[in-house]
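Undergrad: There's a structure below that I have some questions on.
The values are calculated or read from the model by the stated rules, or taken from the named source; none is laboratory data. Please read these numbers as outputs of a predicted model, since none were measured by experiment. All Cβ positions, even for glycine, are placed from backbone atoms using ideal geometry, and neighbour counts span all protein chains on display. Accessible surface is based on the protein model in full, side chains and every heavy atom, while ligands, DNA and RNA are left aside. Shrake-Rupley method; radii C 1.70, N 1.55, O 1.52, S 1.80 Å.
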Amino acid sequence: MTPAEVLAELAGLEDPKARAVNERHGDDHGVHLGKLRALAKRLKTQQELACRLWETDDTAARLLAILVCRPKAFERDELDSMVREARAPKVHDWLVNYVVKKNPHSEELRLAWIADPDPAVASAGWALTTERVAKKPEDLDLAGLLDVIEAEMRDAPDRLQWAMNHCLAQIGIEHAEHRTRAIGIGERLEVLKDYPTSPGCTSPFAPVWINEMVRRQHDGTVA
């Protein structure tokens, strides 16, 4: 399929109800993600098509591009530009999680992004740091990360605050030696303390999140 044919198919999948739901979360598209994934499965991996779709600046097309690209094929500067262009939250989230985390330049980008003056870019750096806290914490200054979170998280813009809070929770969950301090920081800052949480879901308030995940680990209900 050509980019034009793909865009036409995406236009045919447009659903006003889906758009209304997505726009409440800042995502300006009306395609059900299940249908988007089904289209990606049909297209399979096509790096050139992915690049062309990304260039359209259309949110649904960019989400599809992320699903059909080859994550390891991007150069560092390409990913840096893409993260700075990705203003729709879902595009930003998928790009970081599905592409950047699988790219050989991810650590270099993490270090470059975490203190970036653009809070959306900095949030990508914190997301990559959270991944390292959980999977490869060697050489990370966990106490230093807690220092930054304690000093900056309360007043950070929403997306950056959310990413820093996730890192705070992950440190408390995965590293018992820092757990008491992580919980204390969460209790003092009260970030996301009153965030509405659906029944059966864990609150994103760090002290609750940490204690619940540690409890599950002890009970053997999570890996």
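Undergrad: Ignoring ligands, DNA and RNA, what accessible area per residue does the chain give at 1.4 Å, in Å²?
TA: Solvent-accessible surface per residue comes out at 52 Å².
Undergrad: Here is a follow-up. Hey, which aspartates and glutamates would be in cross-link range of Lys17, C-alpha to C-alpha under 14 Å, not counting anything within fewer than 8 residues on its own chain?
TA: Within the straight-line limit of under 14 Å, Lys17 reaches these aspartates and glutamates: Asp27, Asp28.
Undergrad: What do you reckon, how do Asp194, Asp147 stack up by accessible area (1.4 Å probe), largest on top?
TA: Asp194, Asp147
Undergrad: Tell me, what HN-Hα J-couplings in whole Hz come from the Karplus equation 6.51 cos²θ - 1.76 cosθ + 1.60 at θ = phi - 60° for each residue of region 191-205, using x for Gly and Pro?
TA: 5, 6, 4, 9, 5, x, 10, 5, x, x, 9, 8, 4, x, 5
Undergrad: How would Trp113, Trp209 line up by accessible area, probe 1.4 Å, largest first?
TA: Trp209, Trp113
Undergrad: Quick check: from the Cα gyration tensor, does region 1-145 come out rounded (a/c under 1.5), prolate or oblate?
TA: It comes out prolate by the Cα gyration axes.
Undergrad: What lysines does Lys136 reach when the alpha-carbon gap must be under 17 Å and sequence neighbours fewer than 8 apart in one chain are set aside?
TA: List returned: Lys101, Lys102.
Undergrad: Tell me what the chain gives for mean residue ellipticity at 222 nm when only DSSP H runs of n ≥ 4 count, each as -39,500 (n - 2.57), the sum divided by the residue total, rounded to 500 deg cm²/dmol.
TA: Result for the chain: -19500 deg cm²/dmol, rounded to the nearest 500.
Undergrad: Per-residue accessible area for His25 at 1.4 Å probe radius, Å² rounded to 10?
TA: 120 Å²
Undergrad: Taking the chain as a Gaussian network, Cα atoms linked when under 10 Å apart, which of Val21, Val31, Val68 shows the biggest mean-square fluctuation?
TA: So, out of Val21, Val31, Val68, the one fluctuating most is Val21.
Undergrad: Follow-up. With a sphere of radius 11 Å drawn around the Cβ of Leu160, what net charge do the other residues whose Cβ falls strictly inside it have (Lys, Arg +1; Asp, Glu -1)?
TA: The answer is -4.
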